[in-house]
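Taking it in order: structure first as C-alpha cells, then the write-up.
Here, each number is a calculation from the coordinates, and none is a lab measurement. No experiment lies behind these values; they were computed from the predicted model shown. Neighbour counts run over all protein chains shown; Cβ positions are idealised from the backbone, glycine included.
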Amino acid sequence: MNLRSNLLLGNYIPGNSIIHRIDPRIKLLLLLSLLLSLYSVKTPEIAMIPLGFILLCLLIAHLPFSYIIKSLFPFLWLFFLTGLINIFFTPGESITIIGPFAITLEGIKSGILLVLRLTVMIFSASLFTITTSQSGIIKALEWLFKPLKKLGLPVSEFTLMVSLSLRFIPILLEEADRILRAQTLKGANLGGFFKMIRFLPLFLSPLFINTFRRAEELTIAMIARGYRP
C-alpha cells in the first residue's frame, strides 16, 4: 500500500474551487471554530452534521469520494483502539458480557461519537492543508498569532515551523513506504505481531536517518536562499 497516496493531511492540491479561493485566515478561523464546537457535540446523530458539512466541502474542492475514504486508512488503528476502549470501559446499561468486560449501550454510543469526532478532525485539517498553499498557511498562522509578537515571541519562526511540519507528513510517509517496499524485496516477513516487532529496528533506523538527512538538506537550501531567522 502506498502510504502517502492514502493521506490527505499535509498535501496541497492546487485548484480553482470556491474552497481554494477562500482567504486562508477565514479558513483557519472556521477550522478552529469547528474543532472547538466538537466538544459540545454529545450524540452521534448531531456529530453527523459537521461530518456532512466537511464531506460537502471536500467534494466542492473536487476530490474523488474514494480518495477521501482512503485517507482514513492510516488512522483505522486509532479508530479501533479508541472505540474499543469506550465500548468496554464506559459504565451503563449492559448488553452482553465478554470475559471480565461488559459491553454497554452507552459505551457503543460513546465509541461511535468519538470515531465521528476524530473523522471530522482529520477531514477538516486535511481540507485546510489540501486547499491552502504553504505561503497561505504561514500567512494565516502569522495573522492568528500576531498578538503574541507584543510579548516578544518569535511568531514568524513558529509559523514557518508548523507549516514545514505539515508538509513533512507526506514526505515521511513516502519515505516509510519506500523502506517497507525495500525490506519486503529483501525477503523481510512482516506477517504476525512478533515478527513486526522484530522488524521495527530495521524500519525505524533508516527512517530516522533519512528524515534527519532531509531536514538538513532543507536547512541548507533555506540558508542558501537567504533565509535568516
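Rounded to the nearest 20 Debye, what is the dipole magnitude of the chain about its Cα centre when Lys and Arg each give +1 and Asp and Glu each give -1 at the C-beta?
Approximately 580 debye in magnitude.
Check which residues have an amide H placed less than 5 Å from Ile95's amide H, if you skip close sequence neighbours.
Ile103, Thr104, Leu105
Please give the contour-minus-distance gain from Phe53 to Ile223: 0.36 nm per residue of separation, less the Cα-Cα distance, rounded to one decimal in nm.
57.0 nm
With θ taken as phi - 60° and the coefficients 6.51, -1.76 and 1.60, list the Karplus ³J(HN,Hα) couplings across the range 40-47 in order, rounded to whole Hz; mark glycine and proline as x.
8, 7, 10, 10, x, 4, 6, 5
So what's the back-of-envelope 222 nm ellipticity for the chain, counting only DSSP H runs of four-plus at -39500 (n - 2.57) apiece and dividing by all residues, rounded to 500?
-22500 deg cm²/dmol
Between the range 209-223 and the range 54-99, how many Å separate their Cα centres?
Taking the Cα centre of each part, the range 209-223 and the range 54-99 sit 35 Å apart.
For the chain, please report how many Lys pairs fall under 29 Å Cα to Cα, leaving out neighbours fewer than 8 apart on the same chain.
Lysine pairs, 8 or more places apart or on different chains, close enough: 14.
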